[in-house]
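Trainee: Structure below; questions to follow.
Rule-based calculations on the coordinates, nothing more; no lab input. Keep in mind that this is a model prediction, so the values were computed, not measured. Cβ: placed from backbone, ideal geometry, glycine included. Neighbour counts: every protein chain shown.
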Amino acid sequence: MTQVDHIEEIIRDSFGLWITGLFDSIRHWNPTFSFDEYKAAFFDVVKKLLDDGEIMFIAPGADCYTSPANPHPRYTIYDRDAQWHESPEEIVRQFAAQWPRHVSDPNDPELTVYFYMIPGVIWVDKDGKLYAS
């Protein structure tokens, strides 16, 4: 795992936010990282949070997103069928495989697209309550 400083602060600051909140919090608390180090730290922290049960992800294709076109989705984040049950290693492997290869700057619009294309993160608090944005 990449040495990431201030992991507790990173988790505190990004809890309940979209996955971009986690990436940005890593950048904020580790300002000397190169972009490649941010990227590696992001995947390492995601794996750690998955391993520790502090996050999970919405299953790819799960109908649990509310929108004007879908005001009553089939699932909520509490439904097992809405949660991605692959291993942490496989989830991180898939995220890494989807990472836009030519991106070398955290402000690249392609990175924003990537973060909105991967499944949504579900945060788990100490009491087991789930939060997603």
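Trainee: Let me spell out the model: positive unit charges on the Cβ of Lys and Arg, negative unit charges on the Cβ of Asp and Glu, origin at the Cα centre of the chain. What dipole size does that give, in debye rounded to 20? Intermediate values should be presented prior to the final figure.
Mentor: Numbers: 11 positive and 22 negative charges, 58 e Å.
My answer is approximately 280 debye.
Trainee: Which residue, chosen from MET117, VAL45, THR66, occupies the Cα position most advanced towards the positive end of the dipole of the stretch 7-131, where the dipole is computed from +1 (Lys, Arg) and -1 (Asp, Glu) charges on Cβ about the Cα centre?
Mentor: Ranked along the dipole, the leading option is THR66.
Trainee: Another question, if that's okay. Determine by what factor the alpha-carbon radius of gyration of the stretch 7-131 differs from 2.2 N^0.38 Å, reporting the quotient. List each step's numbers first, then the result.
Mentor: Numbers: Rg = 14.6 Å, N = 125, 2.2 N^0.38 = 13.8 Å.
Normalised Cα radius of gyration, the stretch 7-131: 1.06.
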